[in-house]
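To start, the structure itself, in structure tokens.
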Amino acid sequence: MEKGRVLIVDDQEEILTSLGAILADEGHDVLKARDGQEALHAVQSDSPDIVFLDIWIPGIDGMQTLKAIKRISPKCHVIMMSGHGTIETAVKAIKLGAEDYLEKPLNLEDTLHLVEKAISAKGGRSEIADFSHGNPGLLIGSSQLAANTRRSVENAAHERGSVWIYGEKGSGKEFLARMIHFISGRDRHKLIKIVCDELAVDNVRDILMGRIGDRDITKQGKITLASGGTLLFVGVDRLKPGLESLIKKILGEAGIYGKGNSGGSNVRLLFTSKKSPDEMLAAGSDSDAIRSFTQRVIRVPALRERPEDIALLVRHFLAEACREFDKEISDIEEEALGRLLEHSWPGNIKELKILVEHTVMNTSVRTLTINELLLPANSGAHTSKSILGSTPRSAGGQIETLYSLRDRHISRNTDITPDSKQKDAPKRQKTLRGKVVIYGQGLHSGQKTGLTISPLPPSSGINFGHITSGGTVPALLTFVESTDFSTSLRGNESLARTIEHLMAVFHVYGLTNLLVKISGEVPIMDGSALEFCNLVESAEIITQDEIVEEIRISEPIELSMPAGSSKSMRIEPSDTLEIEYHLDYPRPIGKMTMTFRLSSILDFKSEIAPARTFGFVKDMRIMDEMGLAGGGKLSNLVLLDEDKVVNPPLRFQNEFVRHKILDILGDFYLLGRPIVGKIIAKQTGHSDNIAMLRLINDRLCVL
């Protein structure tokens, strides 16, 4: 069987490692990406034959990434993967152009069969790259430096010798290498890339010349694959000591010579690095090898050296991103453009391109303003930070959003009890810097699911949508559909169930403008809100310029109850949000009372967020008959029978009343603004919370 180039896109390291090892053992060239944006860059630069794409990935979600891949490379075979999908999701993926859909854990036989099928469908030309999307054309820019670089590239393209391209990170070294390859007249489908920091003394010969594997599977070497084309060494300055001379020796054995490429092999050599050849020689690199690699040397200027080109680049990347993400953004305001001109761009053109892509992805405006730009607050020449540094990871190893540029001091983002002067100051709207993702299972549906949370512009509100569709439903009282065992929203052909725990976190953290995408139901996680706290803390919470007006209760409001009811609910004036809850349930719960005063997020996270949902065995049977308990497990709720807790231990002695307070915090955010008042409730549930909200809405008192 012919071999191909396979890209694996997943944020789970074990998938990247295990699937990558299996495909590499089969002789395939394996690429890896951990989020959607990294995947799109790999598709553009490496033209994989096959992409294994997980639906739930950070940044651009799997469905958006699929659509973008099919626009960039229509012939690329995309195989979707998910351990949290549904039949509906699979059908949607196929309609968007995916070749197939695999459920995790992956079946080895099915996986290899799909790879073989995809390679066969391409007529065995596994190394053919579709460059129709990426004709580099002319280097964008009107500056003299841009003109000089264009001239150097054009001259190099019409020569046969090796070319060394060096410059700062993100400056466009690989882009220029592709330009040289593309306009040189060589086989445009054969640009074979070698990442130098993956080379070692014990593997470099196998990689360059090929090998026979453990199962007598022949893997062609990069030199053979590049015959008639170009062999691109990326990051020569990252080669391990001694490898320059070994590579030169192997290239010589293959008939490739850096000086004039006069050997018998028809392969062009290109090299990229951050350091110049002179810097490498000064650091002790092999002089014969370096000289053989550098018949022509091209220095790529940093973006800050040619600021007059920034406006042209911004508009080019803006148009490109709009095509990729199906957006209609016609222009960018002068003030926003001015902010981009002030930025020092330590990550150069790549940083600018990524910033424009993320901005387009996370906005729905027609003209970009300064409010939409995802730049650090102080982006001047001496204060800005690169957004291209090493990708941060959470404690669990999962890659966090690319724009998580933060000192991880939670108090900076989460302290909601500043001094008295600030306490009376107007509250600002808040969102997240980038998108975050989490996986889980629906309590009521029982289906594997997940959610993504994305930032929205000021005054957008909290909105819920389906992962595979464009419709959204606002998290507002008007759209409450059901309060049976949980709170659900419906509107604009969208459904969002079991939203209360997530909404409680948004309420307490002061988040006002977000898009939450789910598969119909917010995952139950461990039955509490603690994992949602960790999720929003894994991203940078940013303050927006617009004000959010609190709802301050100025006079008592009482909810009417039927005569003889044990329930009651009342809200009265207070200087902060306070909840006093009285619980009186049969054994083993009994009577419990707790008052929680929202003085800080840390108090919420330690005292209320960990409290899990609970239910009696008899109620679970009823829910099961209603089709509402498919995901209920001993790991995600506290289950009670007539006289005991079925799955001890409890997290708190009074965990049940704490969870009731958690539900109130979530439901009471459905007015779209934080509430300041004291809520006193006894035996109430979701339906009573919503009834009280309707009373407050009718008698709204905002100071």
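Only the coordinates and a few stated rules stand behind these numbers; no lab work does. Predicted, not measured: the structure shown is a model, and the values here were computed from it. Every residue, glycine among them, receives a Cβ derived from its backbone with ideal geometry; neighbour counts consider all protein chains shown.
Rounded to whole Hz and in sequence order, give me ³J(HN,Hα) for region 343-360 from the Karplus expression 6.51 cos²θ - 1.76 cosθ + 1.60, θ = phi - 60°, writing x for Gly and Pro.
Those phi angles translate into 5, 7, 6, x, x, 6, 4, 5, 4, 5, 4, 5, 4, 4, 4, 5, 5, 4 Hz.
Could you order peptides 686-696, 35-45, 108-118 by the average number of other Cβ atoms within 10 Å of their residues, highest first?
Top to bottom by mean Cβ count within 10 Å: 35-45, 686-696, 108-118.
Compute the FRET efficiency between Val645 and Ser599 as 1/(1 + (r/R0)^6), taking r as their Cβ-Cβ distance and R0 = 35 Å, and round to the nearest 0.05.
Efficiency, rounded to the nearest 0.05: 0.70.
What spacing in nm lies between the two simple spin-label points modelled at Arg211 and Asp584, each 7 Å away from Cα in the Cβ direction?
7.5
What FRET efficiency do you get for Arg699 and His316 if R0 is 56 Å and r is their Cβ-Cβ distance, rounded to the nearest 0.05?
Computed FRET efficiency for Arg699 and His316 comes out at 0.55.
Output ³J(HN,Hα) for region 282-287: one whole-Hz value per residue in order, computed from phi by the Karplus curve 6.51 cos²θ - 1.76 cosθ + 1.60 with θ = phi - 60°, and x for Gly and Pro.
Residue by residue, region 282-287 yields 5, 7, x, 5, 4, 5 Hz.
Which of the peptides 152-161, 276-285 is most tightly packed, and how do the rest follow, going by the mean number of other Cβ atoms within 10 Å of each residue?
In descending order of packing, they fall as 152-161, 276-285.
Ranked highest first by average number of other Cβ atoms within 10 Å, how do 517-530, 231-244, 651-664, 559-572 line up?
Going from most to least packed, we get 517-530, 651-664, 231-244, 559-572.
Using Cα positions and a limit of under 16 Å, work out the lysines in reach of Lys32, with same-chain residues fewer than 8 apart set aside.
Straight-line reach from Lys32, under 16 Å: Lys193.
Grab the Cα-Cα distance for Ile140 and Lys427, subtract it from 0.36 nm times how many residues apart they are, and report the gain in nm with one decimal.
Answer, rounded to one decimal: 99.0 nm.
Please go through the residue pairs Lys169/Lys240; Lys274/Lys350; Lys350/Lys517; Lys3/Lys75; Lys240/Lys353 and name each one whose alpha carbons sit more than 22 Å apart in this structure.
Pairs exceeding 22 Å: Lys350/Lys517; Lys240/Lys353.
Mind listing the long-range amide H neighbours of Val548? Cut-off is under 5 Å, sequence gap 5 or more, other chains count too, H placed in the peptide plane at 1.01 Å from N.
Long-range HN contacts for Val548: Lys427, Arg428, Gln429.
Using 7 Å Cα-to-Cβ label points, what is the Glu116/Ser687 separation (nm, one decimal)?
5.9
May I ask you to compute the full-extension gain from Glu154 to Lys327, defined as 0.36 nm times their residue separation minus their alpha-carbon distance, rounded to one decimal in nm?
Roughly 58.9 nm would be gained on extension.
Put a dot 7 Å past each Cα toward the Cβ at Glu607 and Ile370; how far apart are the dots in nm?
Taking the simple label geometry, Ile370 and Glu607 are separated by 4.0 nm.
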